[in-house]
Each structure stands twice: as C-alpha cells, then as structure tokens.
1. Being of a type outside the set (Asp, Glu) and away from the ligand (no atom under 14 Å from the Cβ) is the filter here, so list the residues in region 152-165 that pass it.
2. Just checking, how many residues over region 148-162 are surrounded by fewer than 13 Cβ atoms within 10 Å (Cβ to Cβ) and modelled with pLDDT under 80?
3. Looking at SER172, is it away from the ligand (no atom under 14 Å from the Cβ) and either under 17 Å from THR122 (Cα atoms) or in contact (Cβ under 8 Å) with a residue 60 or more places away in the chain (or both)?
4. Those residues that are under 23 Å from ALA77 (Cα atoms) and of a type in the set (Gly, Ala, Ser), I need them from region 4-36; list them, please.
5. Exactly one condition in (1) under 26 Å from the mean Cα position of the chain (by Cα); (2) in contact (Cβ under 8 Å) with a residue 24 or more places away in the chain is false for VAL102; which is it?
6. Criterion first (within 12 Å of the ligand (Cβ to nearest atom), crowded, with 18+ Cβ neighbours inside 10 Å and either among the charged types (D, E, K, R) or not in a helix (DSSP H, G or I) (or both)) does LEU225 satisfy it?
7. Out of curiosity, is THR207 in contact (Cβ under 8 Å) with a residue 40 or more places away in the chain and either touching a Cys at 6+ places or on another chain (Cβ under 9 Å) or away from the ligand (no atom under 12 Å from the Cβ) (or both)?
8. Taking region 202-214 on its own, how many of its residues are closer than 16 Å to VAL253 by Cα and out of contact with any Pro (no Cβ under 8 Å at 6 or more places or on another chain)?
Amino acid sequence: MESGLELLREQALERIRGAAGLEDLEAVRVEVLGRKGVLNSISRDFGKFGPEDRARAGKLLNTAKQAVESALDARKAEFESAALAARLESEWVDLTLPAPGVRPGSPHPVTIIQAEIEDLFTSMGFTVLSGPEVETEYNNFDALNIPPDHPARDMQDTFWLEDGHLLRTHTSPVQVRGMKRLGPPLRMIAPGRVFRNEEVDPSHEHTFYQLEGMMVDREVSVANLIYYMKTLLAGIFRRDVTVRLRPGYFPFVEPGFELDVQCLLCGGGGCPVCKQSGWLELLPCGLVHPNVLRMGGIDPERWMGFAFGLGLTRLAMMRYQIDDIRLLQGGDLRFLGQF
Ligand code: PHE
C-alpha cells in the first residue's frame, strides 16, 4: 500500500510540474484529489486492515493529499503571476504621455485684459461685482434715469425677452445693484457681457464685454475721475497716456464725458487707426446723476460719485491690434491660441 501511495504521489507531482496551464492543473486535481480520484479509491482497501494499520494508512494518505494539494497551489500561483506579468506587459499605459491632438488652452484676450484691470482696481480698494445678463427693465433703464419714453432707450437696441426682461445692454445696471448692496461710500467695478441687437460687421457685435466702474464718496470730482482713468489706461498700455475730455451725453451722469486717449500708434499725428484724428474714443464716463444715487438708495445731498463704462472688447482689440471684432466671439482656436 505504502509504495503504491508513494508512486501515485510521485506521478501526481510529476504531472503538476509538467502542467501547461490552469486547466491542466484542474484536471490533475480532479483526477488525484477528487471524490472519485485515485487517492480516495485507495482508501477503499483500508477496511481490510487492522485498526493500527488503518490509522497509519490514513495518516499516510493525508500526508500524500497535502503534498499534492500544496504542489497544486504553488503551481497555480506561478501560473497566475505569469498571467498577471503578461497582462501588465501588454496593457501598459504611459500616463505621462501627452494626449494626442489635445493642446493646452490659453486665456481669451478679453479675459487677460479683464484680469489686469481687476488687479489694478482691487489694489486701489475697489470691489469686483457681477450682475445677471438677463436684467429687469428697471435696473437696465429706469433706475439709470432712463424712463420708458426717453429717447436714450433707442440708442441701445435692446433684445427683449417675452416675459418683459431683457438682455442687459450695458454693465451699468450693476451700478444699481452695487449701490444697494454696498451702500456709501463705495468703490466697485463690474466686468461682464452685454448684448445689443446690432447688425454684425467687423466693428459691431451683438455680444461684447464692458467693464463698469463706480466710486461714491463725500467729495468726488472730475479731477478724481481723470486720475483713475489715467491710472487705468497707463496700467493697460504700460505707458503714460494723454487723454482729453469731450462732453458726452448719458442720462445717468451729469456732467457726462467721452474720454479720448491720444492715438497710441501715431502719437497724435494721425493714422488709419485713429482715422487721422489723432484721438481714440475709449471711455464714456461722468459724475453720477443725483437721480441715480437716489434710486440706488443713496442721499445725493450727502454723497457724490463718478462712473465709467469701459469697452473691454474694444480695449482688447486696440491692445492686440485685432481688426475684426467677430474673431473674439468666433471660437476659432487658431486665433485664440495666439494669446
Ligand atoms: N453704460 C454706458 C454705455 O454702455 C457707458 C457709461 C457708463 C457711460 C458709465 C457713463 C458712465 O453706453
């Protein structure tokens, strides 16, 4: 019996060593260790043995089973780790490789200018506010001293929504929100997208960007306004600029001005960019109309202020010498990738 067992065990170990894969191993397991396997069939003869021999035979059988089992386990582990190694080799991915066809984004030219102006004004104590693009008629017009029948409404071709709201035609409604939110004294700027129902051509868009500014304090003069505007322009163009004020009409400021900057290309001599005038119209501004302060909840007897509305889109075009406004909204990555 003993030598028979020994032989079976050796044969089994031999087959395990020679197995080609997990399937072979399973076949060996069933054949040798299974309920009807060769090792169990040996135990059928144990009945003929006396008690001592039977106990010894039982022990031998168990040792043989254990030897086969652990050989099976060890071989199985070998197959599994070889399979894992092969899989790691074939499915290897280099996570540091740049993805094909994807290039890093870059900030939009308007975003660049906006961020610079925000830095500049926050360093002078201004708060950056934003307001909704869908506005009430009241905030966009009435509270800015433009009542319903006022001709100034026609200056801004408005997209009206069916529910009576509108797409804001300028960032000035954020003045109204800012006065109510902050109260006097206040310094705020509000960059944002505005909409006008305009025919689109190289210099007109229905969607563009402005940056509103407002300062309210006890004593605010046109001299203060000019100082902040010059600081703003010098910061953006990175050099001193010469400005001039012309009278300009906006119902929400009194007096109102158009602030022109001396042409940065020709220095005032006259060129195609400034249409030979030597000046570029850039910044509508003025002292806040008392009605506007009042509607913003501020007492015009005690407080005064200035406000300006900078054309961010226009400024970006001047700074980067972009000659077609449609490029800015066009989404063409060949254009946008240059900034
Ligand atoms: N909101 C005006 C416009 O878009 C610009 C402006 C703002 C003028 C603030 C004066 C003061 O036309």
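The values are calculated or read from the model by the stated rules, or taken from the named source; none is laboratory data. What you see is a predicted model, and the numbers here were worked out from it, not measured in a lab. Counting neighbours? That spans all protein chains shown, and the Cβs are built from the backbone with ideal geometry, glycine included.
1. So the first thing to find is which residues in region 152-165 are of a type outside the set (Asp, Glu), and the list is 152-153, 155-156, 158-161, 164-165.
PHE159, TRP160, LEU161, GLY164, HIS165 - these are the residues of region 152-165 that are of a type outside the set (Asp, Glu) and away from the ligand (no atom under 14 Å from the Cβ).
2. First, the residues of region 148-162 that are surrounded by fewer than 13 Cβ atoms within 10 Å (Cβ to Cβ): 148-149, 151, 154, 160-162.
Adding the requirement that they be modelled with pLDDT under 80 leaves 151, 154.
The number of residues fulfilling the criteria is 2.
3. On the way: away from the ligand (no atom under 14 Å from the Cβ): no; either under 17 Å from THR122 (Cα atoms) or in contact (Cβ under 8 Å) with a residue 60 or more places away in the chain (or both): yes.
Criteria not met by SER172.
4. ALA12, GLY18, ALA19, ALA20, GLY21, ALA27, GLY34 - these are the residues of region 4-36 that are under 23 Å from ALA77 (Cα atoms) and of a type in the set (Gly, Ala, Ser).
5. For VAL102, the failing item is (2).
6. Working: within 12 Å of the ligand (Cβ to nearest atom): yes; crowded, with 18+ Cβ neighbours inside 10 Å: yes; either among the charged types (D, E, K, R) or not in a helix (DSSP H, G or I) (or both): no.
Taking the combined requirement at face value, the residue does not satisfy it.
7. Details: in contact (Cβ under 8 Å) with a residue 40 or more places away in the chain: yes; either touching a Cys at 6+ places or on another chain (Cβ under 9 Å) or away from the ligand (no atom under 12 Å from the Cβ) (or both): yes.
Yes; evaluated as a whole, the condition is true for this residue.
8. Residues flagged as closer than 16 Å to VAL253 by Cα and out of contact with any Pro (no Cβ under 8 Å at 6 or more places or on another chain) within region 202-214 amount to 2.
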